[in-house]
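Heads up: the structure comes next, in structure tokens.
The values are calculated or read from the model by the stated rules, or taken from the named source; none is laboratory data. Quick caveat, the model's predicted, so the values are computed rather than measured. Neighbour counts run over all protein chains shown; Cβ positions are idealised from the backbone, glycine included.
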Amino acid sequence: MTPIILASASPRRKELLLRTGLPIRVQPSTIHEPATTRLSPECFALSLALRKADNVAATVNRGIVIGADTIVVLDGKIFGKPVNAAHARKILSALSNTRHYVYTAIAVIDTATRRRIVDIDKTTVITRKIPPRVIDALALKNHDKAGAYAVQEDGDAIIKHIKGDFYNVVGLPLGKLREILRIFGIVLKTL
């Protein structure tokens, strides 16, 4: 079987892929993720996912490389990973009691043929009013996650409703990835 390489250090992405039955190897990209951009949220996420996949694909002779990037968007403003707990508090306060969007872009590259497919998924998230004590607790543990929250761990405390792919909010839209990988002849089992 063709090796599958995840160009991400995200334990959540790794766990999701392993649960689909794919034998993966993790090789995080070494690109720098800019904190600001003039690109639209969609273009920004697509660009980062492709840069991550390209970065790792350049070091691999044979395999399918999967790059991904997740961002949270509120009123056109992009929230990536916070730089520290104080920044996480500001993000969570801004996202409290809102309707915001989570975008995850996926880039898949076959290193043998150089064929690449890039796509994006968007999920609507409606949050509850998050009490300050919950914001403080989440900020301390989630300062490495886009939007400073982990829906799979914190969802009940902060999420009122999700419209779209739950796994997109986790960081890897499995429905979209399943469609892309099928084009490369790889079948994901359903979770």
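Key figures for this structure:
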{"item": "Any hit, segment 157-173, residues being out of contact with any Gly (no Cβ under 8 Å at 6 or more places or on another chain), acidic (Asp, Glu) and either in a helix (DSSP H, G or I) or in contact (Cβ under 8 Å) with a residue 24 or more places away in the chain (or both)", "result": "no"}
{"item": "Any chance residue 175 is surrounded by fewer than 21 Cβ atoms within 10 Å (Cβ to Cβ) and in contact with a strand residue (DSSP E or B) (Cβ under 9 Å, 6 or more places away or on another chain)", "result": "yes"}
{"item": "Meets criteria (part of a helix (DSSP H, G or I) and surrounded by 20 or more Cβ atoms within 10 Å (Cβ to Cβ)) for residue 140", "result": "no"}
{"item": "Qualifying positions in segment 1-28 - small (Gly, Ala, Ser) and at pLDDT below 95", "result": "8, 9, 10, 21"}
{"item": "Residue ranges of strands (runs of 3 or more DSSP E) in segment 10-119 with at least 2 members touching a residue at least 12 places away in the same chain (Cβ under 8 Å), out of contact with any Phe, Trp or Tyr (no Cβ under 7 Å at 6 or more places or on another chain) and not charged (D, E, K, R)", "result": "24-26, 64-74, 99-110"}
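Yes or no, residue by residue, for (1) surrounded by 19 or more Cβ atoms within 10 Å (Cβ to Cβ); (2) among the hydroxyl-bearing types (Ser, Thr, Tyr); (3) within 13 Å of the chain's Cα centre (by Cα); (4) more than 25 Å from residue 190 (Cα to Cα):
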| position | (1), (2), (3), (4) |
| --- | --- |
| 32 | no, no, no, yes |
| 48 | yes, no, yes, yes |
| 60 | no, no, no, yes |
| 65 | yes, no, no, no |
